[in-house]
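These notes are about the structure you will find just below.
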Number of protein chains: 2
Amino acid sequence: MGYPRLVAAAEKFSEITRTAAQTRVMDAALKLIAEHGVSGTSLQMIADAMGVTKAAVYRQFKTKEEIVIAITERELSRLEDAVEAAEAQGHELRAREILLDRMIDQAVSRRGVVSVLQFDPVIIRLQAEHEPFQRFIERLYAALLGTEAGVEARLHAAMLSSAISVAVMHPLVADIDAETLRAQLILMSRRMLDLPSGHDSRGTPKRRSAAV
Amino acid sequence: MGYPRLVAAAEKFSEITRTAAQTRVMDAALKLIAEHGVSGTSLQMIADAMGVTKAAVYRQFKTKEEIVIAITERELSRLEDAVEAAEAQGHELRAREILLDRMIDQAVSRRGVVSVLQFDPVIIRLQAEHEPFQRFIERLYAALLGTEAGVEARLHAAMLSSAISVAVMHPLVADIDAETLRAQLILMSRRMLDLPSGHDSRGTPKRRSAAV
DNA sequence: GTCTATAATTGGATAGAC
DNA sequence: GTCTATCCAATTATAGAC
C-alpha cells in the first residue's frame, strides 16, 4: 500500500480516483445513458444537462468512450468488495449468498442503471474489449457459480443474475417499493439457489425452504 | 374477413402484410439492431448490409422509425396466437403455461432478438407511445398474471419473463444447445409457477413438481 | 475550467433520372 | 426498385482566447 502508484494500471476499480469535475460529467452522462442508451446520448446532451458547453466536457474526458469506461468502472467497483468477500469465503454457498445479496442491493437501489450497463450494445462490446472489465466479470461469474459448472447450475446463475437486474425495472413491479422488492428478491434467489439440482450436493438438504 | 380492409388500422399484427422488398429491409435491420441497438444502427449500415443505397431503403420505409415499428410488429405477432390461446383457456394455470412455453420458444430460437427488442431505449419509448403495442403488451401481462395481482405474483411474473429473455443470451449459457436450454427453461418456469405463494390457490397442490 | 468558433464526418431524408 | 447527387442538421472532436 505504500509504494508509488503506477499511472496506467490500477489493480482495483475502487482505487481509481476522479476529480470533482469528472464526477459531475459521469453523473450527468449516467443519467442520460440510463434513459437513452450510449449511442442515443450525445456529448451535447451531456453538456446541456450540466449547463456547460461541449468543450468543457472534452476537457474532462478526451473521448466519449472514456466517459463510458469511467462510468462502467465506477459501477463495477460497487460489487468489487462483495466479490472479494465471496472469494475469501470458505463456505461456497455462503459466498454466493453474499454476492447475490449485494447484486440485489445494487439492482434495487439503482433501478435502471444496472440493466442499462448490462445490456447496452456499446457497453457489451466495451466489456469484451477492455481487459480489466473482462477479468472482473469472470471473477464475478466464478464466485456466483462456485465449484459447480454443470448446465443446470450455470442456467440457474444466468437466470438469477438476469432476473434480478431486469425484474426491478419491469412494469409489473413498477409500483412496488424498494424494501419490499429487496426482500422478495432475496427470498426468490434463496429459493432458486436451494433448488435440487440432481447432480451436485450429496450434502445436507437442510436449507431447503429455510428462507420461506 | 370479407369486408374491405381499412388502410390505417389492422386489428392484428399477424394481418399486416409486407412486400418482399420490405421484408428484406426488416431482416437486415433486425440483424444489425440486435448487435448495435437502434441508435447504433444507421440507414447507411442497413443499406450496406443489403448491398443497395440509402435511397433504395427509403423507398420501402419513409422513416427509420417505421422500420423499427415494422420489426416490432413482426416480433410481437409471433406471440399473438399464444396470447389469444391463453385468453381463451378456461384453466388459468394452463393458460400461463401455454404463454410461457411460447415465450421460451421465442427466446431460445431467436437468441438475442427478443432481449434487444425488450431493452433497447428507442423501442421502449416506441412501445410506450405506439398504442397497438401498448394494448398488446397489456394483454400479454394480463394473461401471464391471470387473476393474481399481489406483489409476489407480479414479481414472479416479472422475474420469469425477464430471466427467460435475458438468460438465453448470458455468457454462462453460451455453449448450451438450444434443445437443452429450452428443456431447462421450461423446467425452471414450471418450478417458479408452482412455488407456494401463500395467498393464492386454496386449490389442489397436485401439480407441485409434476413437471420434474 | 470555461468559453466561442470551427473543422470533419456522419446522420436522416429528399429530388429526380433510369 | 434502384441509382446519383444533394440538403441540412447533428455528431465527434479540436484550436485558441479568457
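The values are calculated or read from the model by the stated rules, or taken from the named source; none is laboratory data. Fair warning: this is a prediction, and the values are worked out from it, not measured in the lab. Cβ: placed from backbone, ideal geometry, glycine included. Neighbour counts: every protein chain shown. Just the protein is used for accessible areas: all its heavy atoms, side chains included, with ligands, DNA and RNA removed. Shrake-Rupley method; radii C 1.70, N 1.55, O 1.52, S 1.80 Å.
Some notes on this structure:
- Residue list for region B:159-190, restricted to those being among the aliphatic types (A, V, I, L, M), facing chain A (nearest Cβ under 7 Å) and assigned to a helix (DSSP H, G or I): B:Met159, B:Ala163, B:Val166, B:Ala167, B:Leu172, B:Val173, B:Met188
- Under the condition of being among the β-branched types (Val, Ile, Thr) and more than 16 Å from DNA strand D (Cβ to nearest atom), the residues counted in region A:33-64 number 0.
- Condition check for B:Ile67: aliphatic (A, V, I, L, M), surrounded by 15 or more Cβ atoms within 10 Å (Cβ to Cβ) and within 16 Å of DNA strand D (Cβ to nearest atom): yes
- All positions within region A:142-158 that are surrounded by fewer than 17 Cβ atoms within 10 Å (Cβ to Cβ) and facing chain B (nearest Cβ under 7 Å): none
- Among the residues of region A:54-64, those identified as surrounded by fewer than 18 Cβ atoms within 10 Å (Cβ to Cβ) and within 10 Å of DNA strand C (Cβ to nearest atom) are A:Lys54, A:Ala55, A:Ala56, A:Tyr58, A:Arg59.
- Residue within region B:36-53 that is touching a residue at least 24 places away in the same chain (Cβ under 8 Å) and open to solvent by 70 Å² or more (accessible area, probe 1.4 Å) present: no
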